[in-house]
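A quick write-up on the structure given underneath.
The values are calculated or read from the model by the stated rules, or taken from the named source; none is laboratory data. Bear in mind the structure is a predicted one, so any value in this text is a computation, not a measurement. Please note: Cβ atoms are built from the backbone with ideal geometry, for glycine as well, and neighbour counts cover all protein chains shown. Protein only, heavy atoms only, side chains kept; ligands, DNA and RNA dropped before computing areas. Shrake-Rupley method; radii C 1.70, N 1.55, O 1.52, S 1.80 Å.
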Amino acid sequence: MAHGVVIDGALTRLVPTTEDDVDLLSRWFASPDLVEHWGGVPVSRDEVAVKYVGRRRPHVESFLVLEQGTPVGYAQYWHAGAAEGGIDMVLVPQARGRALGPDAARALVAHLGGLGWRRVTVDPVQGNARAARAWEKAGFRQVSADAENFFMKFTFVEDRQG
């Protein structure tokens with residue numbers, strides 16, 4: 001699947017995570033500022049190693065989000081069917097509010113469309129209005145909500161030439 005695939009946005013580059021990224025990701029996922037909207041509790045180094053450095057491929061593809069070569073976030077996409085699935089992304093606090101999230105999201109969506117996906121979903125937490133706006137800037141639309149999350153989707157437009 002996407003193992004080894006580098007995805008370029010206009011402002012960001014997404015590179016597959018590797019075992020070499022465990023220490024960086026462990027620091028990030030131990031930070032209350034980062035996990036505030038990613039489950040709410042710090043994640044252990046062991047859990048980071050299991051979940052976020054590519055060990056769940058091909059069902060879940062994990063990436064570092066880079067800005068000019070510097071890691072500024074984590075993104076993953078996961079399969080929910082042959083042509084659909086979801087994206088999760090979190091940026092370090094100093095990278096937020098700088099259009100990096102929407103850029104990385106657009107790049108991921110373009111990549112997934114190239115893989116034949118027809119629908120992509122995201123579910124930012126209700127308390128994270130900034131993330132919901134970022135997903136909207138990337139082309140996602142809210143379809144529902146519950147007490148905890150907004151549910152948003154991106155649907156690819158069918159090519160109707162001919």
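Worth a mention:
- Taken across segment 123-131, residues that are open to solvent by 30 Å² or more (accessible area, probe 1.4 Å), under 22 Å from residue 79 (Cβ atoms) and touching a strand residue (DSSP E or B) at 6+ places or on another chain (Cβ under 7 Å) do occur, with at least one present.
- All conditions in (1) under 26 Å from residue 32 (Cβ atoms); (2) open to solvent by 60 Å² or more (accessible area, probe 1.4 Å); (3) of a type outside the set (Phe, Trp, Tyr) hold for residue 155, with the sole exception of (1).
- Residue within segment 123-133 that is over 21 Å from residue 9 (Cβ atoms), among the aliphatic types (A, V, I, L, M) and in contact (Cβ under 8 Å) with a residue 40 or more places away in the chain present: yes
- Whenever a residue of segment 83-102 is part of a strand (DSSP E or B), its partners that are among the charged types (D, E, K, R) and surrounded by 16 or more Cβ atoms within 10 Å (Cβ to Cβ), lying with C-beta atoms within less than 8 angstrom and at least six residues away or across chains, give the pairs 86/123.
- Residue ID - nearest to residue 121 (Cα to Cα), chosen from residues in segment 70-82 that are open to solvent by 30 Å² or more (accessible area, probe 1.4 Å) and touching a residue at least 40 places away in the same chain (Cβ under 8 Å): 80
- Single unsatisfied condition, residue 120 versus (1) open to solvent by less than 10 Å² (accessible area, probe 1.4 Å); (2) under 23 Å from residue 34 (Cα atoms): (2)
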